[in-house]
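Participant: Quick one: structure below, then a few questions.
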Amino acid sequence: MQKLFLTFLCVLISFGTVLAQKRRAVSGTVVDAQSKQPLPGVTITDQKKQALAKTQADGTFRLQLDDQRHELLFSLVGYEAQQVTVQGNQTVVNVSLQTKDEVLDEVVVVGYGTRRKIETTGSIASVKADELTQMPVANVAQGLQSRVSGIQINQNSGSPGGNVSVRIRGTNSINGTSEPLYIVDGIQIANSGGINDVSPLSTINPNDIESVEVLKDASASAIYGSRAANGVVLITTKRGKEGATRVALESYFGLQQVTKKLDVLNASEFAQLENEVFNDNYYKDPASLGEGIDWQDQIFRQAGMNNQQLSISGGNAKTQLSLSLNYFDQDGVIRNSDFNRYSYRLNVNHSINDRFKIGTSILGSYTTSNGISAGETGLDNAGVVKGSVLGAAIGAPPLLQAYREDGTIYPFAEQGNGRYREVVNPLNFIEILQRNNIKRTLINLYGEYTILPGLVYRASFNADNDNRLYDNYSPLALIAKSDINSTSGTASKDNQDNLNLLHESLLTYTTKIAEDHSLKFTGLFATQVQTYKQNRIDATGFPNDITQNEALQLALNREVKSERTKQRLDSYMGRVNYGFKDKLFVDLTARIDGSSKFGANHKYGFFPAVAAAYRLGEEDFLKQIDAINDLKIRASYGITGNAGGINPYQSLATVESNGGVNLNNGWVTSIGPTRIANPNLRWEKSKQLDIGLDLSLFNNRLSVVADYYKKKTDDLLYVLALPLSSGYANMTGNFAALQNKGLEFALNAEVLTGELKWSLGTNITFNQNKILDLDNGITQERFINTYSLLKVGEPIGVFKTYVFDGINQSADEILPGYDGRVGGHKVKDMNQDGTISSADQVITGNPNPKFIYGFSSNLSYKNFDLSFFLSGTYGNDVFNISRFSFENPLGQRNLFKGMVNRWTPENHNNQYVSAFAGGRQPISDYPMENGSYLRMRNITLGYRFKDFKRILQDIRVYMSANNLFTITDYTGYDPEVNSYAGSNTQIGIDNLVYPQARSFILGLQVNF
């Protein structure tokens, strides 16, 4: 009983002691040690790692502690964690946090994982979200332009959501694709399309992207094997983080306008030219006709654009979530063209327990694009004025009328007694329906299980579901009444479904040996199945325009087409990463891919790579140099493949419908052979060497990255002509080879780091491209068209033409061998044999630039920020073939302004031909122009409102100007152009492509 009483007494005394301990309020402020700015969101934990509080927007915190001594830990991403001792009687604690050494601790995304930047052995460039969206862009490729060395990005068309071509370290194929592989949260997608198509990348909202890593060398990209020969672009979208829920709103509105118009003849000048061409004095008094109508003003407009984004993110220790909703709307500067996108993103990570995690990434979009035919490739024919709105606007006679009195479009065939039926009213193109609806969903589901410490298995299931509907209708109302017949009015509906399914099983094991040696083993099995279906119906001969293409059964003539293809890719990969004392790193990678697309004898390809990096900066003799923070040399060699440029069934003998025959008084559809089998069809392979250097100086305020690369691509897919006796015209096989080599430099500097901050960044790339072989040595050169050439020993796509030598001033100057005449083009007799022949054609231009470059500046002072971004190319030629059409007086079409100064017996001009020489000009370098340019791509001024006490964190207001000016000698709409879009072989060609617009933006960003 006595023992029980004593025990009860001790319990009472202990309980009373606890009750007697006093509680106290501890408060303070956490600031940045350098800038002294308050830091919101700092987590404060105790010795048991239990979160006690977080700092508010103004950096302040308040918590309750007992009167004992406590050890508190203050931590924030990007800062060194700091432990602070709080004495028993202390009530105020102020803390200054030091920023981390970002160069050493920065993490970059690599294939199937992440690594610290100092551990990377390959050539990898990273671009963050604020750089991608510094200017309003419809897709991620536009945001990358000129921000990364080694990448050439061309906005081939300025149409909303329009075509973009991307080349990493040069063009790597002839008939295959040279576009890189894009991977969005593990989901593999591709970029493609023609000059009038919407880029597939435009279905993804750039505002959802957290970062982009570009894998340029073989060691970095070989892990993706047969799809990595053109480089890999890894896109990581924004994910939720542990902490308070964050809400962000962004809105901007803008106005766009064309940067220039092309000068053409006015009505008086055109009438005078017509009289001379036809020698008929049709226009009695040309001088009285004045300026006439400006057809470019009829098709161009000031166009609006706007973007609205809502983002919500947050989570706790077990579950993190990020959600966004976006609406993007861009009208085109050509009337009735636009791009509209609704998109959403949901990213969820959940830890079921300490060993098992699951998560998902879902990106969905619905886009609608109303397009305009603004790209034509024909040389000096009616197509340029009948197939393109810009060609029609330049060639439209300024004497004709746009509309009838009732407001309907006035066909040219009904004007001027039918004299101008060879040209069309440019407004026709505005009224033609060309609508593209795309529903796209990207889904990634993953599960990750830690089997043993360091041993992790991850399974992912990915889907890319792309559904498209193309609507087209050309109305009867655009045709002259006298020309309407049984095929007038054309329409089509085209349904295309593309489903890409991918499963990946990834096993990784990470360990350390004796603290100094780190090892990571990665094994992968992946299987991918892609199916494509198309159902299309074309129709002509409609009774009226009421239903457009929604009742194709009303048409007199209909043609149906359907198609279905399926392909499969199985992959096995192994990778070993070794590190020694954060000083030496070695990576070994090997991947085997098997594709259903290739011949029976070469279904599988093997793609190995090896890379090493050595941090000289960790050696004692360099540690003594205070200016050097880090110095790393890198070297890699590997083989990657290209399977993306070949369609299914190319290795098989195929047949298809080839029309029909009349058999027994009945029409019978016939089927005939179309392709000869090639069981040896195999992968294009790129063998690449890379030697690089990473240097950080002056407390990491100056960083330099330099790379030398040499890449040889063998077994290029090439169409080989077959003898007629074979019964086939050609065969696709692996016959060609080419090489790219070059230098890349990137420099970033923190010029000022105090209250006034100023950072600069620049990059420059030199690439040399050369064809090594075309068809196993049989052919040394081959014309792609009448001026573009493939030639062994020369860059891809060079121009081979006659050399323009002015105007023939007299009959004595005209050499035999071509249709020369007085007042027409004269060309040089290069071999001096007294005649003009194909032997006088020489390489006169190169569309590949000698170098490309970008330069950026970011300045901030207190709440103000100012940034600008420049980009450009140097040394590339543009073949402006529109000048062949519009400086060539065929009659019935308008011409460029320079033709006012055309050759006449009284005016011996040496550039512009006479009115009698139209249509008879040899293909020379006459329209060749210097395509070099420097463009002010973006300039932005912003102001951030801070110090809100409650719900709001900050508000930023900004205004920006984009494509503000371009310095160039090029006379066309835009030197950044290619009428053949993403073609490998026909590049640097301009036949009046949709021009890029200048835009002015006013925006608002609100963070809660």
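Since every read-out is calculated from the coordinates, none of them should be taken as a lab result. In this text, all values refer to a predicted model and were calculated from it rather than measured experimentally. Note that each Cβ is placed from the backbone with ideal geometry, even for glycine, and that neighbours are counted across all protein chains shown.
Participant: I need the calculated FRET efficiency for the pair THR835 and ALA706, taking r as the beta carbon distance and R₀ as 56 Å, to the nearest 0.05.
Facilitator: 0.60
Participant: Right, here's the next one. Under 8 Å for C-alpha pairs, at least 6 residues apart: give me the relative contact order for region 310-379, rounded to a whole percent.
Facilitator: That works out to 27 percent.
Participant: Please determine, in degrees from 0 to 90 and to the nearest 10, the orientation of helix 2-20 with respect to the longest principal axis defined by the Cα atoms of the chain, where the helix direction is its Cα long axis.
Facilitator: In the chain, helix 2-20 runs at an angle near 50 degrees to the longest axis.
Participant: Shifting gears a bit: Pop a pseudo-label 7 angstrom from the Cα along the beta-carbon direction at both ILE625 and THR510 and give the gap in nm to one decimal.
Facilitator: Modelled inter-label distance: 3.2 nm.
Participant: Taking the Cα atoms of region 769-867 alone, what are Rg (to one decimal) and Dmax (as a whole number) in Å?
Facilitator: Rg and Dmax of region 769-867, Cα atoms, are 22.4, 75 Å.
Participant: Right, another one. Tell me the mean residue ellipticity at 222 nm calculated for the chain from its helices only (DSSP H runs of n ≥ 4, each -39500 (n - 2.57), averaged over every residue, nearest 500).
Facilitator: -2000 deg cm²/dmol
Participant: If you don't mind, another one. How far apart, in nanometres, would the label points at ILE967 and ILE592 be if each is projected 7 angstrom from Cα along the Cα-to-Cβ direction?
Facilitator: So the two model labels end up 5.7 nm from each other.
Participant: Also, I was wondering about something else. Can you give the Rg to Rh ratio of region 24-100, both from alpha-carbon atoms, with Rh computed by the Kirkwood formula?
Facilitator: Reported Rg/Rh (Cα atoms, Kirkwood Rh): 0.94.
Participant: How do MET305, MET731 rank when sorted from fewest to most other Cβ atoms within 10 Å of their own Cβ?
Facilitator: MET731, MET305
Participant: Another question about this same structure. Could you give me the ³J(HN,Hα) list for region 80-90, computed from phi with Karplus coefficients 6.51, -1.76, 1.60 and θ = phi - 60°, whole Hz, x at Gly and Pro?
Facilitator: Couplings: 6, 5, 10, 9, 10, 8, 10, 5, x, 9, 8 Hz.
Participant: ³J(HN,Hα) across region 516-524 via Karplus (A = 6.51, B = -1.76, C = 1.60, θ = phi - 60°), whole Hz, x for Gly/Pro?
Facilitator: Residue by residue, region 516-524 yields 8, 10, 10, 9, 9, 10, 10, x, 9 Hz.
Participant: While we're here: Across region 463-469, in residue order, what do the Karplus-derived ³J(HN,Hα) couplings come to in whole Hz, using 6.51 cos²θ - 1.76 cosθ + 1.60 with θ = phi - 60° and x for Gly and Pro?
Facilitator: 9, 10, 10, 10, 10, 10, 10
Participant: If you wrap a convex hull around the C-alpha atoms of region 779-825 and split its volume per residue, what is the figure in Å³?
Facilitator: 101 Å³
Participant: Based on the Cα gyration tensor of region 124-245, what are the three equivalent ellipsoid semi-axes, each the root of five times an eigenvalue, rounded to whole Å and given largest first?
Facilitator: That gives 23, 19, 13 Å for the three semi-axes.
Participant: Once R0 is set to 60 Å, what does the formula 1/(1 + (r/R0)^6) return for the Cβ-Cβ distance between TYR861 and ILE352, expressed as a FRET efficiency to the nearest 0.05?
Facilitator: The pair TYR861/ILE352 has a calculated efficiency of 0.80.
Participant: Using the C-alpha atoms of region 800-959, what convex hull volume per residue, in cubic angstrom, is computed?
Facilitator: Dividing the Cα hull volume of region 800-959 by its residues yields 171 Å³.
Participant: Points 7 angstrom from Cα along the Cβ direction at ILE451 and LEU52: gap in nanometres?
Facilitator: Inter-label distance under the simple model: 4.3 nm.
Participant: Right, another one. If amide H atoms are built 1.01 Å from N in the plane of the peptide, which residues on other chains or at least 5 residues away come under 5 Å of the amide H of LEU895?
Facilitator: LEU265
Participant: Take the Cα pairs of region 681-725, get the Kirkwood Rh, then feed it into Stokes-Einstein at 10 °C and 1.306 mPa s and tell me D in µm²/s.
Facilitator: The calculation lands on 109 µm²/s.
Participant: Take every Cα-Cα pair in region 909-979 and report what % of them are more than 14 Å apart.
Facilitator: Summing the P(r) of region 909-979 above 14 Å gives 76 percent of all pairs.
Participant: Which residues in region 335-356 have a backbone N closer than 15 Å to a point placed 7 Å from the Cα of GLN308 along the Cα-to-Cβ line?
Facilitator: 340-344
Participant: So if we plug the beta-carbon distance of ASN785 and PHE1000 into 1/(1 + (r/R0)^6) with R0 = 35 Å, what FRET efficiency do we get, rounded to 0.05?
Facilitator: The computed FRET efficiency comes out at 0.35.
Participant: With just the Cα atoms of region 429-556, tell me how far they stretch along each of the three principal axes, in Å, largest first.
Facilitator: Largest first, region 429-556 extends 91, 25, 17 Å along its Cα principal axes.
Participant: A follow-up question, please. In terms of modelled amide H atoms, which long-range or inter-chain residues lie less than 5 Å from the amide H of PHE851?
Facilitator: The answer is TYR874.
Participant: Cα axis of helix 267-278 to longest principal axis of the chain: angle in degrees, 0 to 90, nearest 10?
Facilitator: 50 degrees
Participant: Bins of 20 Å, beginning at zero and ending with the bin holding the largest distance: percent of Cα pairs per bin for the chain, please.
Facilitator: 11, 38, 33, 13, 3, 1, 0
Participant: What residues qualify as long-range amide H neighbours of ASP954, i.e. H under 5 Å apart, gap of 5 or more or another chain, H built at 1.01 Å from N?
Facilitator: Close amide H contacts, sequence-distant or interchain: ASN1007.
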